[in-house]
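Heads up, the thing below is written out as structure tokens.
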Amino acid sequence: MVFDIKPHEREIFMLIEQAGAELDFPTYVVGGYVRDRLLGRPSKDMDIVCIGNGIKLAQQIASKLRPIPRIVVYQRFGTAMLKHKDMEIEFVGARKESYRVDSRKPTVEEGTLEDDQNRRDFTINALAVSLNAQNFGEIIDPFGGLHHLEHKVLKTPLEPGKTFSDDPLRMMRAIRFSTQLGFAIDEETYKAIAKYKNRINIVSKERITTELEKILKADIPSVGFKLLHKTGLLELVFPELAELHGVDYKNGKGHKDNFYHTLEVVDNLSKKTRNIWLRWAALLHDIAKPPTKRFDPEHGWTFHGHEALGAAMVPRIFRNLRLPMDGKMKYVQKLVRLHLRPISLTKENITDSAVRRLLFEAGDDIDDLMKLCEADITSKNPQKVKRYLENYELVRTKLKEVEEKDKIRNWQPPVSGELIMKTFNIPPSREVGNIKTAIREAILDGKISNDFDAAYAYMLEVAKSYGLHEVNP
Ligand code: ATP
Ligand code: MG
């Protein structure tokens, strides 16, 4: 079969062919680019394999382009990368790999195109397109990759046990591709994942997390997490999430399975947002349900405080997964901590002060929090779903009203710590913090109005109870 070369590809393909011919290096496009193009998915990364030296090939090609592009050379890997238009093209010599038991980094030697295709993870990733004059554009498909693309199947080119045992990251990749592309995993391939799951321990956390994030970015992330769970990989790579699985019964009462509930929330939310951190928040919102689970003879199963404990667990989980420990983590933590607040608002009659308080704590993330809460409705009872959604609609209206009135979102109390110190001529101290908090609370509770004069007067009143008097009015 011949690859349908698009006009924008022809120029660079011809150039690669020409450079390859000059150096006497047969050249091929391989892997993900070929796969994605055949699937009609956009692709900006192109891998070129040559029978020869990839760095020399890249240099030869660069010398023909105007302006001459910069090449990034990775001597250690024998690869070179150049940017052309909006494409990143990577060049490497065909290689043959052999693995040792304790490492996923193989010993590499020069090889044939066939050797190079043999070392690839799935048949659909082992397709090559010839860029050589005698069969330009022909698809070289030694393992039935085209057939598997058509039938949406992931299958390893060689014996799956060896493929996964050699480089266990491929197990994560199988599940990730299955989620991203909506492909089934071939039965033998699947069985080998379950069998060799423990080999995942030789893979770095960073690599594993990259795959987890790709799963979480997919249209229906639950597909991947369910596969991770069924193959037994989940408890190895993300034990806290695996813990959510299962239902306990006592006195004939069960609770919902928090693993499947969580995945439903993630899927619901994924229809509304591509924000990966909001998706992480959904994945983690109930993460502390297992450690807070109690059975109360009167009320049945309870998970009191799971939002606070969950928020406390977020930093450790992020660290373990090598996720960034910056504002993103804080954002996820905040959403986990606040995820029950909008619902508790609907349970009381909604007071302005409760709304102000939520607005103050959530700040600009209030809209994301509301999205998370709406996604958290997984009841199968349409009446209930309708009622919950209406309740949240009411909360949204109330949030808008209070925000328009009080502008609490990015609010700072009108009296600062500096002013308190100056007014009473005191150094930074616990009193300053206490006075500041008292003013903030009074405003949030609606005890005093949200303006400077009211806050100043209130400050004097509170300070008096500490025996402080105005020295710098
Ligand atoms: P994506 O770019 O979406 O991550 P990809 O398949 O293009 O998917 P890359 O990491 O870009 O993945 O790798 C390009 C190609 O290199 C793959 O298509 C595959 O042929 C090969 N490859 C990558 N990682 C592995 C691996 N761990 N084992 C075997 N082959 C691999
Ligand atoms: Mg790629």
Restricting the search to the stretch 44-54, which residues are surrounded by 14 or more Cβ atoms within 10 Å (Cβ to Cβ) and either of a type outside the set (Gly, Ala, Ser) or within 13 Å of ligand 2 (Cβ to nearest atom) (or both)?
Met46, Asp47, Ile48, Val49, Cys50, Ile51, Asn53
Mind checking whether some residue in the stretch 291-314 is buried (at least 18 other Cβ atoms within 10 Å of the Cβ), in contact (Cβ under 8 Å) with a residue 60 or more places away in the chain, under 21 Å from Val247 (Cβ atoms) and not charged (D, E, K, R)?
no
So which residues in the stretch 203-259 are of a type in the set (Asp, Glu) and assigned to a helix (DSSP H, G or I), if there are any at all?
Glu206, Glu211, Glu213, Glu235, Glu240
Of all residues making up the stretch 28-54, the number that are within 16 Å of ligand 1 (Cβ to nearest atom) and in contact with a strand residue (DSSP E or B) (Cβ under 6 Å, 6 or more places away or on another chain)
14
Can you tell which of Leu65, Leu82, Leu57 is surrounded by fewer than 20 Cβ atoms within 10 Å (Cβ to Cβ) and away from ligand 1 (no atom under 11 Å from the Cβ)?
Leu65
If a residue counts only when it is without any contact (Cβ under 8 Å) to a residue 40 or more places away in the chain and aliphatic (A, V, I, L, M), which strands (runs of 3 or more DSSP E) contained entirely in the stretch 76-129 have at least 3 such residues?
79-84
Does Ala242 satisfy the condition of being at pLDDT 95 or above and either in the same structural domain as Ser178 (by TED's automatic domain parsing) or of a type in the set (Phe, Trp, Tyr) (or both)?
no
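The values are calculated or read from the model by the stated rules, or taken from the named source; none is laboratory data. The shown structure was predicted, so the numbers you read here are calculated from the model rather than taken from an experiment. Neighbour counts are summed over all protein chains in view; Cβ atoms, including those assigned to glycine, are modelled from backbone coordinates with ideal geometry.
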